[in-house]
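Engineer: Submitted below is the structure of interest, expressed as structure tokens.
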Amino acid sequence: MDLLSRRPHFRRELGEKLAQRDYEPAEIEETLERLEARRLLDDARTARDFVSSRLAREPLGRRRLHDELKRRGAPPELAREALDELFPEDEPALARQAAERWLRRRGPSATRPSNERAALFRHLQRRGFSQHAIFSVLQGMPATASEDCDDFAIDDIPIGDFPNSGTSS
């Protein structure tokens with residue numbers, strides 16, 4: 001119960017932690033079944049809560065959220081269901097939010113490096129955004145820092161279809 005009091009766990013994740021504490025496999029299985037029967041362990045609810053919580057803290061792409069759910073032990077079908085239910089349909093808008101945060105933290109345009117577009121591309125990739133969403137953001141961004149970036153507004157970036165921009169996974 002101590003593990004569950006800190007944060008919700010997935011069944012697999014909690015089973016692995018109990019095994020690390022040298023509990024017997026039969027005892028672990030019995031404990032997990034009791035917790036599920038009491039609705040203290042619910043993988044579907046945990047997946048939805050995880051996605052909701054992560055998106056409330058910072059804009060992340062679908063791929064990053066999926067990878068984090070997988071790493072924590074969410075069953076693949078429940079991870080997919082949680083993302084289908086809670087992930088915004090407009091991923092490019094979410095990528096714009098991530099780009100805005102990143103640009104604000106980088107400071108005034110005069111101090112930004114000339115390879116800012118490449119750096120932003122890598123940042124958005126690490127955040128798990130699809131290529132389509134990333135290219136939607138980069139399309140409206142000035143090519144170099146020497147251009148007048150102070151007049152650049154993420155809200156002015158059009159969102160459209162980009163041929164050859166990869167799949168939106």
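The values are calculated or read from the model by the stated rules, or taken from the named source; none is laboratory data. Every value quoted in this text rests on a predicted model; they were computed, and no experiment measured them. Every residue, glycine among them, receives a Cβ derived from its backbone with ideal geometry; neighbour counts consider all protein chains shown.
Engineer: Got at least one residue in region 1-24 being without any contact (Cβ under 8 Å) to a residue 24 or more places away in the chain, among the hydroxyl-bearing types (S, T, Y) and farther than 30 Å from A93 by Cα?
Structural biologist: yes
Engineer: Taking L55 and the conditions (1) buried (at least 17 other Cβ atoms within 10 Å of the Cβ); (2) within 15 Å of P88 (Cα to Cα), which numbered condition does it fall short on, given that it satisfies the others?
Structural biologist: Of (1) buried (at least 17 other Cβ atoms within 10 Å of the Cβ); (2) within 15 Å of P88 (Cα to Cα), only one is false for L55: (1).
Engineer: Would you be able to say whether some residue in region 75-98 is in a helix (DSSP H, G or I), of a type in the set (S, T, N, Q) and without any contact (Cβ under 8 Å) to a residue 24 or more places away in the chain?
Structural biologist: There is no residue in region 75-98 that is in a helix (DSSP H, G or I), of a type in the set (S, T, N, Q) and without any contact (Cβ under 8 Å) to a residue 24 or more places away in the chain.
Engineer: Filter region 56-74 for residues that are closer than 17 Å to Q131 by Cα and either assigned to a helix (DSSP H, G or I) or over 10 Å from the mean Cα position of the chain (by Cα) (or both) and give the result.
Structural biologist: R62, R63, R64, L65, H66, D67
Engineer: Which one is modelled with the highest pLDDT, of the residues in region 118-143 that are farther than 25 Å from D67 by Cβ and surrounded by 14 or more Cβ atoms within 10 Å (Cβ to Cβ)?
Structural biologist: Q139
Engineer: Within region 26-46, which residues are of a type in the set (S, T, Y) and under 25 Å from the mean Cα position of the chain (by Cα)?
Structural biologist: Within region 26-46, T46 is the sole residue that qualifies.
Engineer: Please verify whether region 76-85 includes one or more residues that are more than 13 Å from the chain's Cα centre (by Cα) and modelled with pLDDT under 95.
Structural biologist: So far as region 76-85 goes, no, none of its residues is more than 13 Å from the chain's Cα centre (by Cα) and modelled with pLDDT under 95.
Engineer: Another question about this same structure. Inspect region 47-55 for any residue being under 12 Å from the mean Cα position of the chain (by Cα) and either among the β-branched types (V, I, T) or more than 24 Å from G128 (Cα to Cα) (or both) and give the result as yes or no.
Structural biologist: Yes, that holds for at least one residue.
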